[in-house]
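The values are calculated or read from the model by the stated rules, or taken from the named source; none is laboratory data. No experiment lies behind these values; they were computed from the predicted model shown. Glycine also receives a Cβ, built like all others from the backbone with ideal geometry; neighbour counts cover every protein chain displayed. Areas reflect the complete protein model, heavy atoms only, side chains present, ligands, DNA and RNA absent. Shrake-Rupley method; radii C 1.70, N 1.55, O 1.52, S 1.80 Å.
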Amino acid sequence: MNSIFERCSIRKYQNKAIEKENIELILKAAFCAPSARNAQPWEFIVIEDKSTLQTLSTFTPYAKPLQNATLGVVVCANLNRNSMIDFCEQDLAAATQNMLLQAQTLGIGSVWIGVYPIEERVAMLKEHFKLPEQIVPLWMIAFGYPDEKANIKNKFQESYIHYEKW
């Protein structure tokens, strides 16, 4: 379980492509996530094209890591599989965490980039990818081989834990 304790956001990447088999492992990890009623409402747009990654890096002030990423994934909810966006967010958060952990295991850095519920960001992605009405882009993930030292922190806060009562 070291990948859980060692995973941190990486925002700078080497100019080295991620191998197809590693991309497939990252995506397969997403599909292992639990989902409400096993609806699996996820859809993933995989981007390796540098010009597309550059364009996406301008969609939010926090998307800059996509500029030098070698892989980007837009994580979308398919409301035809689960019409309740709140449950979709939970399901896709679990799928995303699986992808981040699998990437960490493979020595690939990543950072989660928020989109939803900021309508302007959602609209830009829907327009850019010509997404159908029932597809809602929730966030993006930048991936790449790290070109910075990981800043691993011990985030455990015992004071946030309450046993049996507050």
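Results, tabulated for the structure shown:
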read-out	value
Residue within the range 83-91 that is under 30 Å from K16 (Cβ atoms) and at pLDDT 95 or above present	no
Residues of the range 108-166 classified as hydrophobic (A, V, I, L, M, F, W, C) and more than 29 Å from Q40 (Cβ to Cβ), total	5
Per-region count, the range 137-154, residues surrounded by fewer than 17 Cβ atoms within 10 Å (Cβ to Cβ) and in contact with a helix residue (DSSP H, G or I) (Cβ under 9 Å, 6 or more places away or on another chain)	3
Neighbours by Cβ (under 7 Å, 6+ apart or cross-chain): first from the range 137-166, assigned to a loop (DSSP other than H, G, I, E, B); second of a type in the set (S, T, Y)	Y145/Y13; D147/Y13
The range 13-48, residues that are within 12 Å of G144 (Cβ to Cβ), of a type outside the set (D, E) and surrounded by fewer than 16 Cβ atoms within 10 Å (Cβ to Cβ)	Q14, N15, K16, A17
Criterion (in contact (Cβ under 8 Å) with a residue 24 or more places away in the chain, touching a strand residue (DSSP E or B) at 6+ places or on another chain (Cβ under 8 Å), open to solvent by 40 Å² or more (accessible area, probe 1.4 Å) and more than 13 Å from L79 (Cβ to Cβ)) met by exactly one of Q134, Q104	Q104
Subset of the range 1-11 (residues that are under 16 Å from the mean Cα position of the chain (by Cα) and either open to solvent by 100 Å² or more (accessible area, probe 1.4 Å) or without any contact (Cβ under 8 Å) to a residue 60 or more places away in the chain (or both))	R11
Matching residues in the range 52-74 - criterion: being closer than 14 Å to P137 by Cβ and touching a Ser or Thr at 6+ places or on another chain (Cβ under 9 Å)	A63, L66, G72, V73
Filter result (in a loop (DSSP other than H, G, I, E, B), open to solvent by less than 60 Å² (accessible area, probe 1.4 Å), closer than 18 Å to L131 by Cβ and not aromatic (F, W, Y)) within the range 51-97	T60, A63, L79, N82
